[in-house]
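Encoded as structure tokens, the structure appears first; notes follow it.
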Amino acid sequence: MPRTMHLAAHFPGVNATTVWADPRSRSQIDFSSFVHLARTAERGKFDFFFLAEGLRLREHNGRVHDLDVVGRPESLTVLNALAAVTERLGLAATVNATFNEPYELARRLATLDHLSDGRAAWNVVTSSDAFTGENFRRGGYLDRADRYTRAAEFVATARELWDSWTPGGESRPFAHDGEQFTISGEFTVPRSPQGHPVVIQAGDSSEGREFAASAADIIFTRHGTLDAGRIFYADVKARLAAYGRQPDDLKIMPGVTVVTGDTDAEAQERAYEIRRQQVSPQNAILAAEQLWGTDLSAYDPDGPLPGIDPVIDSGLVKGRVLHGDPFAVVARWREIAAAKGLSLRQTVIETTTRQSFIGSPQTVAAELTAFVDERAADGFILVPHLTPGGLDDFVDRVVPLLQESGAFRSEYSGSTLRSHLGLAEPVWKG
């Protein structure tokens, strides 16, 4: 029998995944879109529904970045509403630990956990971005070296607050005196149905992996190949013992994209067309400008890559985290373009938008199962390219195959998110 996998649905909004031009594309902010995707995920017996969030609209050359969603409602508010129209599906919110405070956020998460009967989760993210920090009374930001220090104490403090109520329903005073927070009083929300909301950590860096090993229930990551996934999986699982934890105490769930067709060849054709839609000529130039840090509007997207060097910290792009050394990334792009004879736009398509799993429903189901069986992942967070119907095909055609093989549940066996994930309720530490 294959290992049982976990599945989650991601509602995007701050990335280049969404194909805006598709005639089936609908609103990114209407509640009906959230309801459609969440109910599709629950129909597929997914573990949870996952909302991304940005705290400031990114800017490109002084204008709002084209691929950002303007007007996106606040995540926990949306999930509280979704709790009323779903029954078993977990509800995960991305909330920043840099620009919030433990008491307020712990109360909001505990409230969601009560309203949903134990289905709440918190995706902990951090920020070292001064541009985002301008939106907050803090008036600035944390140094990159300090952001995980604050996040670790933030999570620990939230758990102290959740534990200030006994499992029997008795409230006790709390007091926390640390480097980041000094607070005391009484928490107003009783212990939640699953003990604590589930904690998710998004990150691939060494410090992110260590934080996940010490404090998270799920790590949301990314890796494009089976070998890369196995290396990441082994590394993170090996870190757990230092914190007195077992390998199954942390679920590794990479974000993935899926394209299916009646045949593998049809799926490949669909995937190529989706990549072309995701990277228009204009967006190819924008992607290149983010990397080079300079105005490239005079360049032809169907021509060769710029021959100039990147400009570091130019200020052209604000609110976007650049992954990797720009000089190294440019060198890799040039190597790929030269080897394959690619234009600038084709290089952007080749390097930034390739789907994770492409093929017939049978092929996709087999590849997902192999990733889990070979310890490259415990499950997957699916990021659809279409809102809100981007999961329909997967749930209708791939999930039944996973269920038939025993790789995925046919019915929910419990009511809380922890029960879906096979996580024990936290031991009370009052």
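Just one residue in the set 132, 157, 126, 111 is within 30 Å of residue 6 (Cβ to Cβ), within 21 Å of the chain's Cα centre (by Cα) and not charged (D, E, K, R); that residue is 126. When the stretch 159-168 is filtered for residues that are of a type in the set (Gly, Ala, Ser) and either touching a Leu at 6+ places or on another chain (Cβ under 7 Å) or within 17 Å of residue 107 (Cβ to Cβ) (or both), only 164 remains. Among the residues in the stretch 36-52, are any in a loop (DSSP other than H, G, I, E, B) and at pLDDT below 90? Yes, the stretch 36-52 contains at least one residue that is in a loop (DSSP other than H, G, I, E, B) and at pLDDT below 90. Considering only residues that are hydrophobic (A, V, I, L, M, F, W, C) and within 30 Å of residue 406 (Cα to Cα), look in the stretch 336-361 and name the one that is most open to solvent (accessible area, probe 1.4 Å). Only one residue fits best here, namely 358. Annotation note: of 378, 396, the sole residue that is over 20 Å from residue 259 (Cβ atoms), at pLDDT 95 or above and not aliphatic (A, V, I, L, M) is 378. Between 287, 298, the distinction of being surrounded by fewer than 20 Cβ atoms within 10 Å (Cβ to Cβ), closer than 16 Å to residue 61 by Cβ and hydrophobic (A, V, I, L, M, F, W, C) belongs to 298 only. Any residue that is farther than 21 Å from residue 412 by Cβ, of a type in the set (Val, Ile, Thr) and open to solvent by less than 50 Å² (accessible area, probe 1.4 Å) - is there at least one of those in the stretch 35-48? Checked against the condition, which is being farther than 21 Å from residue 412 by Cβ, of a type in the set (Val, Ile, Thr) and open to solvent by less than 50 Å² (accessible area, probe 1.4 Å), the stretch 35-48 yields no hits at all. Answer yes if at least one residue in the stretch 318-330 is closer than 30 Å to residue 361 by Cα, modelled with pLDDT under 90, part of a loop (DSSP other than H, G, I, E, B) and among the β-branched types (Val, Ile, Thr), and no otherwise. No, because not a single residue in the stretch 318-330 is closer than 30 Å to residue 361 by Cα, modelled with pLDDT under 90, part of a loop (DSSP other than H, G, I, E, B) and among the β-branched types (Val, Ile, Thr). Search the stretch 112-155 for residues being part of a loop (DSSP other than H, G, I, E, B), at pLDDT 95 or above and open to solvent by less than 40 Å² (accessible area, probe 1.4 Å), and hand back the single one that is nearest to residue 200 (Cα to Cα). Among residues in the stretch 112-155 that are part of a loop (DSSP other than H, G, I, E, B), at pLDDT 95 or above and open to solvent by less than 40 Å² (accessible area, probe 1.4 Å), the one nearest to residue 200 (Cα to Cα) is 119.
May I ask you to say which residue of 235, 325, 227, 313 is loosely packed, with under 15 Cβ neighbours inside 10 Å, closer than 30 Å to residue 209 by Cβ and touching a Gly at 6+ places or on another chain (Cβ under 9 Å)? Lay out the reasoning, then the answer.
Working: 235 fails: touching a Gly at 6+ places or on another chain (Cβ under 9 Å); 325 fails: touching a Gly at 6+ places or on another chain (Cβ under 9 Å); 227 fails: touching a Gly at 6+ places or on another chain (Cβ under 9 Å).
Exactly one residue qualifies, and that residue is 313.
All told, residue 191 meets the bar of being of a type in the set (D, E, K, R), over 17 Å from the mean Cα position of the chain (by Cα) and open to solvent by less than 60 Å² (accessible area, probe 1.4 Å). When each of 43, 56 is tested for being touching a residue at least 60 places away in the same chain (Cβ under 8 Å) and under 16 Å from residue 393 (Cα atoms), the lone residue that passes is 43.
Of note, residue 8 satisfies the criterion of being under 19 Å from residue 402 (Cβ atoms), open to solvent by less than 10 Å² (accessible area, probe 1.4 Å) and in contact with a strand residue (DSSP E or B) (Cβ under 7 Å, 6 or more places away or on another chain). A single entry from 294, 225, 260, 221 fulfils the requirement of being more than 24 Å from the chain's Cα centre (by Cα) and not hydrophobic (A, V, I, L, M, F, W, C): 294.
Scanning the stretch 163-188 for residues that are acidic (Asp, Glu) and over 29 Å from the mean Cα position of the chain (by Cα) yields 170, 177, 186.
Kindly evaluate residue 81 against the criterion of being of a type in the set (Gly, Ala, Ser), part of a helix (DSSP H, G or I) and closer than 29 Å to residue 26 by Cβ.
yes
Among the conditions (1) touching a strand residue (DSSP E or B) at 6+ places or on another chain (Cβ under 6 Å); (2) open to solvent by 50 Å² or more (accessible area, probe 1.4 Å), residue 32 misses just one, which is (1).
For residue 354, the criteria (1) of a type in the set (D, E, K, R); (2) outside any helix (DSSP H, G or I); (3) modelled with pLDDT of 95 or more hold in every case but one, which is (3). Scanning the stretch 244-275 for residues that are among the hydrophobic types (A, V, I, L, M, F, W, C) and out of contact with any Gly (no Cβ under 6 Å at 6 or more places or on another chain) yields 250, 252, 256, 258, 259, 265, 271, 274.
Would you say residue 238 is more than 20 Å from the chain's Cα centre (by Cα), in a strand (DSSP E or B) and not polar (S, T, N, Q)? Spelling it out, it is not the case that residue 238 is more than 20 Å from the chain's Cα centre (by Cα), in a strand (DSSP E or B) and not polar (S, T, N, Q). Among the residues of the stretch 362-374, is there at least one that is outside any helix (DSSP H, G or I), hydrophobic (A, V, I, L, M, F, W, C) and open to solvent by less than 40 Å² (accessible area, probe 1.4 Å)? Checking the stretch 362-374: not a single residue is outside any helix (DSSP H, G or I), hydrophobic (A, V, I, L, M, F, W, C) and open to solvent by less than 40 Å² (accessible area, probe 1.4 Å). Every condition in (1) assigned to a helix (DSSP H, G or I); (2) open to solvent by 30 Å² or more (accessible area, probe 1.4 Å); (3) more than 25 Å from residue 127 (Cβ to Cβ); (4) not aliphatic (A, V, I, L, M) is met by residue 307 except one, and the failing one is (1).
The single condition among (1) more than 28 Å from residue 313 (Cβ to Cβ); (2) in contact with a Ser or Thr (Cβ under 9 Å, 6 or more places away or on another chain) that residue 30 does not satisfy is (2).
The values are calculated or read from the model by the stated rules, or taken from the named source; none is laboratory data. Everything numeric here is computed off the predicted structure, so don't read it as measured data. No Cβ is skipped: glycine too gets one built from the backbone with ideal geometry, and neighbour counts run over all protein chains shown. Surface accessibility is based on the protein's heavy atoms, side chains included, excluding ligands, DNA and RNA. Shrake-Rupley method; radii C 1.70, N 1.55, O 1.52, S 1.80 Å.
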